[in-house]
1. Of the residues in segment 44-64, how many are of a type outside the set (A, V, I, L, M, F, W, C), away from ligand 1 (no atom under 14 Å from the Cβ) and either closer than 16 Å to Asn28 by Cβ or surrounded by fewer than 11 Cβ atoms within 10 Å (Cβ to Cβ) (or both)?
2. Just to be sure I understand, how many residues within segment 65-84 are within 19 Å of Lys31 (Cα to Cα) and near ligand 2 (Cβ under 7 Å from one of its atoms)?
3. Just checking, which of Asp37, Asp64, Asp60 is assigned to a helix (DSSP H, G or I), charged (D, E, K, R) and modelled with pLDDT of 85 or more?
4. Is it the case that segment 15-24 has a residue that's modelled with pLDDT of 90 or more, out of contact with any Pro (no Cβ under 9 Å at 6 or more places or on another chain) and not in a helix (DSSP H, G or I)?
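The values are calculated or read from the model by the stated rules, or taken from the named source; none is laboratory data. Since the model is a prediction, treat every value here as computed from it, not as a measurement. For neighbour counting, all protein chains shown are included, and Cβ atoms are generated from backbone atoms with ideal geometry for every residue, glycine included.
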Amino acid sequence: MGIGGLVALAGIVLFIIFRQQPCPTDLNADKKTDSIDLEILKKVFNKKVPENIEELVKYDFNQDSLINASDLGILISQYGKKCK
Ligand SMILES: [Ca+2]
Ligand SMILES: [Ca+2]
């Protein structure tokens, strides 16, 4: 395979990765953001996110180390939307 083939292949791989990027607000991974995700966020609402705690990092959509109204707002902005 020549360099052109490699570049084409890399492009395809990147395209697939980009396409499969999950929605951060889809917390139960059912490909949409809805009331279930809202309930999940409620359980961790107002918690601080210590560094290196993977469990909580996924709820902190704007990565400000707090799970609060800002993150709720991001979830609401995606509410009812399907993941691509
Ligand atoms: Ca969901
Ligand atoms: Ca946050």
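1. Of all residues in segment 44-64, those of a type outside the set (A, V, I, L, M, F, W, C) come to 46-48, 50-52, 54-55, 58-60, 62-64.
So of that shortlist, the ones also away from ligand 1 (no atom under 14 Å from the Cβ) come out as 46-48, 50-52, 54-55, 60, 62-64.
In the following step, the residues that additionally are either closer than 16 Å to Asn28 by Cβ or surrounded by fewer than 11 Cβ atoms within 10 Å (Cβ to Cβ) (or both) were identified as 46, 50-52, 54-55, 63.
The number of residues fulfilling the criteria is 7.
2. 1
3. When all the criteria are applied, what remains is Asp37.
4. Looking only at segment 15-24, we keep the residues that are modelled with pLDDT of 90 or more, and these are 24.
If we keep only those that are out of contact with any Pro (no Cβ under 9 Å at 6 or more places or on another chain) as well, we get 24.
Checking which are not in a helix (DSSP H, G or I) leaves us with 24.
Among the residues of segment 15-24, at least one is modelled with pLDDT of 90 or more, out of contact with any Pro (no Cβ under 9 Å at 6 or more places or on another chain) and not in a helix (DSSP H, G or I), which makes the answer yes.
Matching residues to (1) among the polar types (S, T, N, Q); (2) over 12 Å from the mean Cα position of the chain (by Cα):
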| residue | (1), (2) |
| --- | --- |
| Leu38 | no, yes |
| Lys43 | no, yes |
| Glu55 | no, yes |
| Tyr59 | no, no |
| Gln63 | yes, no |
| Asn68 | yes, yes |
